[in-house]
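The values are calculated or read from the model by the stated rules, or taken from the named source; none is laboratory data. Remember, predicted model here, so these are calculated numbers, not experimental data. Neighbour counts are summed over all protein chains in view; Cβ atoms, including those assigned to glycine, are modelled from backbone coordinates with ideal geometry. For accessibility, only protein heavy atoms count, side chains too; no ligands or nucleic acids. Shrake-Rupley method; radii C 1.70, N 1.55, O 1.52, S 1.80 Å.
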Amino acid sequence: MIKTVNFKDTAICNIGPDGIFFNLEESRCIFSRCLVPKSLFDDYKYVYPAKEQEHLNLRSQQGSQFDPSEYTEKWPEGYDNEGRAIFGISLSTLLNCLNMFGTAGGTGGSGSGGNGRAFGGGSGASGSKYNASQGGTQLAGNTNQAPTSVAAVTAVKMIYNGPGSKLYLTLEDHGVITTCGIPTFDPEVPVVHDFNEEVISTVSMKSKWLDEGLRDLDSTSPSVILRLSPETPNFRISSLGTVEALDINYSLGDVLDSCQLAYEHDIQVSYNFTHVLHMLRACSLSTSAYIAINQEGFLRVQFLHPVSENRYMYSEYTFSPLETYE
């Protein structure tokens, strides 16, 4: 799962009570993220840190008695404004650790992005998939408890103890246990991109059709052009390379599951082709793709990744436009 959004090495990891987010951004031009929801774990615990008190007027606090009305509470450093742990991490290191036993390349796993059990974690948090295990700061439980083996399945337990702590992974495969400590670091201030959904045009389709269309385009093209139209074909992907100009057409009722336009006229926007190609892995590992273009021309593509019956994971890419055509 993590591999589907891994277009650069460093990511911002955000762990909270509802799951684990991985967020990546490059030059405000391409954004990606994936969610490993809490529901995918057999056991998942997150303990909020204690809030700190901050004086509203630092100059008036000296020599004065404690007055609760003069103080406000805030989350400590290393947490966002909702109390979620946030830190930077090397995705290549994380993926190498998860693939320690060579089992993280499949599509049937959950938190590890591959085959097997997964244990989620957060600050003062711990979780497990297929095996209950607890550990970590502020938690009851035995941190030395090893996961029990399940036939042909690799288990992974993840624990994060708060700012400055490493992200600890304990993997077990056929009775062989190994532990990795991945360094974390203070992330850069995350770029918050608000995808304006007030006026958007959308298309939904099977991921395989989007995957095949992108792979058929001319790789020498510097850009890819997306056109949405109320007329057939309703959705077109085009490239203009040194070899040829190529159009891939999709029609509602034939390939498209739905198509909703915000306007009665065609919408045509171009994007960096190299950036768009980063989502090919997400296409190949998902079943459905939901495409949206907002009023500013930003493109968002969301992918649905089934794990088991009624259990899913999600990944998402957002691209800034190169040019909007009237």
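If you go through segment 301-326 and keep only what is open to solvent by 30 Å² or more (accessible area, probe 1.4 Å), under 15 Å from the mean Cα position of the chain (by Cα) and hydrophobic (A, V, I, L, M, F, W, C), you end up with just 304.
Residues checked against (1) assigned to a loop (DSSP other than H, G, I, E, B); (2) within 18 Å of residue 295 (Cα to Cα):
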{"site": "203", "(1), (2)": "no, yes"}
{"site": "209", "(1), (2)": "no, no"}
{"site": "238", "(1), (2)": "no, no"}
{"site": "262", "(1), (2)": "yes, yes"}
{"site": "270", "(1), (2)": "no, yes"}
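Of all residue pairs spaced 6 or more apart or on separate chains, those with beta-carbon atoms under 8 Å, a first member in segment 163-190 that is without any contact (Cβ under 8 Å) to a residue 24 or more places away in the chain and outside any strand (DSSP E or B) and a second member that is aliphatic (A, V, I, L, M) and surrounded by fewer than 20 Cβ atoms within 10 Å (Cβ to Cβ) are 166/182. Once segment 234-245 is narrowed to residues that are modelled with pLDDT of 95 or more and open to solvent by 10 Å² or more (accessible area, probe 1.4 Å), the residue that is farthest from the chain's Cα centre (by Cα) is 234. Is segment 104-122 home to any residue that is buried (at least 20 other Cβ atoms within 10 Å of the Cβ) and modelled with pLDDT of 85 or more? The answer is no, given that none of the residues of segment 104-122 is buried (at least 20 other Cβ atoms within 10 Å of the Cβ) and modelled with pLDDT of 85 or more. For residue 226, which of the numbered conditions (1) touching a strand residue (DSSP E or B) at 6+ places or on another chain (Cβ under 8 Å); (2) in a loop (DSSP other than H, G, I, E, B) fails to hold? Result: residue 226 passes all but (2). Within segment 272-299, being out of contact with any helix residue (DSSP H, G or I) (no Cβ under 7 Å at 6 or more places or on another chain), outside any helix (DSSP H, G or I) and open to solvent by 20 Å² or more (accessible area, probe 1.4 Å) holds for 272, 278, 290, 295, 296, 298.
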